[in-house]
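Worksheet for the structure shown next.
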Amino acid sequence: MTSQRKGILVTGTHRSGTTWMGKILSLPEEVVYVQEPFNLETSTNSIDYRFRHWFPHVEDLPDRERLFEAMERTLRFAYVPRPPAHLSRYRAARRVVRMHLENAVHRMRGRTPLVKDPLALFSAEELAARFSFDVVCMIRHPLAFCSSLKRWDWKFPFAHFVEQPRLMDTFFTDDADVIRDYAGDEKPIVQQAVLLWNLFHKVIRRYESDHPEWHFRRHVDMVLDPVDRFRALYDDLELPFGQEIEEHLRESVSGGKGETNTDVYGARDAAAVTQTWKKRLTPEEADYIL
C-alpha cells in the first residue's frame, strides 16, 4: 500500500473560480476531488457532519472535535454517504458497494484528497494546522465578484456571521456594527456583495501576511495565462503536469460560457470571465464597488 501524501485545500471567496481550480488540480489520477464538506446544505455528501451556518468558523463549533474526526475519515477515504432516498434498495446498495470499492482503491494507491471549499475560508488556518493541508486560496477582482452575485441574485444572511462570536472577535471586531446592521436590515444585492468582498479579503490579506507558505492565486491571472501559471502551481504542489493536462486546461478556458450559477464544472471563455462585469453593472454600481 502506498503512503498517502498530505491533502490540498482549495478555498477563497465563493464565485472566485474555486471549482475550476479544484477540478484542474484534480486531473492527475493520484488526486481525488472532495466537494464542499462545509456546505450547509450538502455537507453530508462529503462528510459525516452537519453545519449550522454558512462560512462556519470551527472555533465556534461546540462539537468541533467531532468535526475533526469526521474530516479525518473523509480525508483517509473511509466515509461513504447515505444514498439518496429516491433510489431503489438495489440501486442504493450498488452505490454503497461501489463507493466502498473506490475508497479502498484510493487508500491502497495512497491518493491525495483535494478539498474544494470556499465555505471553509474562515476555518482554513485550523484545518491546515490540523491536517497539514497545502492551501490554495483564490482571489477575485471586486467588480467581477460583485457582478457575479448580482447576476445570480445570491443574497447573504449576515446573521450567520453575527451568530458566530469567535469569528467576529477573531476577524471582524472593527466591522461588527455594520455586519449587525446588514443582518437586521436586508440591503440591495450590490451593497451586500461589497461588504462580503471586503470582509472576505480582509481575512485573505491576514492569511497572506501570516502564511507565506500558502498559494494565493488571482482568478484573472489564472484564466489569462493558464498553462504557465498552472504548471508553476503544479510544481509547487509536487503534482505531475503533462501534455494531457495541458490540453484539458486549454479546453477549459475556451469555447465555454463566462460562468454559471452552480458548481458544475464546464469550459470557461477567458474573455467572458474577465469582461462580463461591464455588462452586468451600471456605471454607478461600478463606482460604488470601487
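See the values below:
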read-out	value
Close pairs from the stretch 37-49: first under 10 Å from Leu119 (Cβ atoms) and in a loop (DSSP other than H, G, I, E, B), partner among the small types (Gly, Ala, Ser) and modelled with pLDDT under 95, Cβ under 6 Å, at least 6 apart	Pro37/Ser43
Test: Phe38 is at negative phi and of a type in the set (A, V, I, L, M, F, W, C)	yes
Sole residue being at negative phi, at pLDDT 90 or above and assigned to a loop (DSSP other than H, G, I, E, B), chosen from Leu249, Leu196, Leu233, Leu239	Leu239
Of all residues making up the stretch 202-219, the number that are under 19 Å from His14 (Cα atoms) and touching a helix residue (DSSP H, G or I) at 6+ places or on another chain (Cβ under 8 Å)	10
Restricting the stretch 28-40 to residues that are closer than 13 Å to Pro56 by Cβ and out of contact with any Pro (no Cβ under 9 Å at 6 or more places or on another chain), the residue that is surrounded by the most Cβ atoms within 10 Å (Cβ to Cβ)	Pro37
In the stretch 177-194, the residues that are closer than 26 Å to Asp210 by Cβ, free of Cβ contacts under 8 Å to residues at least 60 places away in the same chain and in contact with a helix residue (DSSP H, G or I) (Cβ under 6 Å, 6 or more places away or on another chain)	Ile179
Set Pro113, Pro157, Pro142: member being in contact (Cβ under 8 Å) with a residue 24 or more places away in the chain and under 24 Å from Pro62 (Cβ atoms)	Pro157
Pairs where the first residue, in the stretch 232-248, is closer than 14 Å to Phe216 by Cα and touching a residue at least 40 places away in the same chain (Cβ under 8 Å) and the second is surrounded by 11 or more Cβ atoms within 10 Å (Cβ to Cβ) and among the hydrophobic types (A, V, I, L, M, F, W, C), C-beta under 6 Å, 6+ apart	Tyr234/Phe241
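The values are calculated or read from the model by the stated rules, or taken from the named source; none is laboratory data. For clarity, every value in this text was computed on a predicted model and none was experimentally measured. Note that we place each Cβ from the backbone using ideal geometry, even for glycine, and neighbour counts take in every protein chain shown.
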